[in-house]
Amino acid sequence: MGEKVKPLYRRILLKLSGEALMGSLSSGIDNRVLEYFTQEIKQVHQLKVEIAIVVGGGNIFRGRTAGDRGISRVTADNMGMLATVINALALQDFLENADIPTRVQTAIEMRAVAEPYIRRRAIRHLEKGRVVILAAGTGNPYFTTDTAAALRAAEIKADAVIKATKVDGVYESDPVTNRNAVKYETISYLNLLNLGLKVMDSTAVSLCMDNNIPIIVFNFNQTGNLLRVVLGDKIGTFISQEGG
């Protein structure tokens, strides 16, 4: 028999963007993307890795840009947090259809559709092998879902924040507009902040720095990449205290 594969991380916080759920659509949820996400997550779940997920809501509503439409920032952020719950429920449905036990917990209570976020209960679900989707951000306006991901990762003592993107790491400039942009294999939290690289907002990065939680930024659109990250393959960009 072959050697048993051992993951590098025991418990992860996976950050998914709401925009990624659109796929080729102009807005809303592309079921083909949900199916793809489910299969990628299933590979990792089968290794007994404990998985918590924070998903954004930008495919439905972006609070930060709603001010241009005459909606106050606080109201808009509340609407954005509700959008993340819609995405979380959709992802839960697909995961459970693939025989992956899943719980949705929300920072804003809505007991008819999901559990309220309770740290100890979330940890207990993870220990029992359930994927926990943490929705509604932090429950507060002015905080992004990136910050929610960093906060929840600290609370549940995740080994890493794994940020899924459409590019293969952090670059010195936008690789879409600059073909000569240099990719960072590793970078420190402080250098990331000082260079103003917008892979995550500064509050999220500072939270990870203060709690010494590494961040791995990788391309989720390439099949098998999430599994490779969890196994410790050097893909994407590794952000830590000691990074370059």
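Just so you know, all these numbers are worked out from the coordinates, no wet-lab data involved. Predicted model only: the values in this text are computed from it and were never measured. Positions of Cβ are generated from backbone atoms using ideal geometry, with glycine treated the same way; all protein chains shown enter the neighbour counts.
Normalised by the residues of the range 144-244, what does the relative contact order come to in percent, with Cα pairs under 8 Å and at least six apart?
Relative contact order of the range 144-244: 40 percent.
Remark: Val55, Val132, Val44 ranked as Val44, Val132, Val55, counting other beta-carbon atoms within 10 Å and listing the fewest first. Once both labels are positioned 7 Å from their Cα atoms along Cα-to-Cβ, the gap between Arg73 and Asp233 label points is 4.1 nm. At the listed q of 0.12, 0.19, 0.23, 0.24 Å⁻¹, the Debye profile of the range 1-114, built from one uniform point per Cα, gives log10 I(q)/I(0) equal to -0.49, -1.04, -1.32, -1.37. Per-residue packing, averaged as other Cβ atoms within 10 Å, sorts the ranges 47-53, 117-123 into the order 47-53, 117-123, beginning with the highest.
A Cα-only calculation for the range 188-232 places Rg and Dmax at 12.2, 33 Å.
Working from Cα pairs under 8 Å separated by at least six residues, relative contact order for the chain is 22 percent.
Can you tell me, using C-alpha contacts under 8 Å and at least 6 residues apart, the relative contact order of the range 61-193 as a whole percent?
Over the range 61-193, the number comes to 18 percent.
Helix-only arithmetic for the chain: the sum of -39500 (n - 2.57) across DSSP H runs with n ≥ 4, divided by the residue total, places the mean residue ellipticity at 222 nm at -10500 deg cm²/dmol. Quick one: P(r) of the range 106-235 from all Cα-Cα pairs, 10 Å bins, percents rounded to integers, in order of increasing distance. Over the range 106-235, the share of Cα pairs per 10 Å bin runs 11, 37, 35, 14, 3, 0 percent. Expressed in Å, the radius of gyration and Dmax of the Cα atoms of the range 166-217 are 11.2, 35. Cα centroids of the range 1-63 and the range 165-209: 21 Å apart.
Extension gain for Glu35-Asp99 works out to 21.8 nm (0.36 nm per residue, less the C-alpha to C-alpha distance).
Rg and Dmax over the alpha-carbon atoms of the chain stand at 17.2, 63 Å. Using only Cα coordinates, the Kirkwood hydrodynamic radius of the range 83-129 works out to 11.2 Å.
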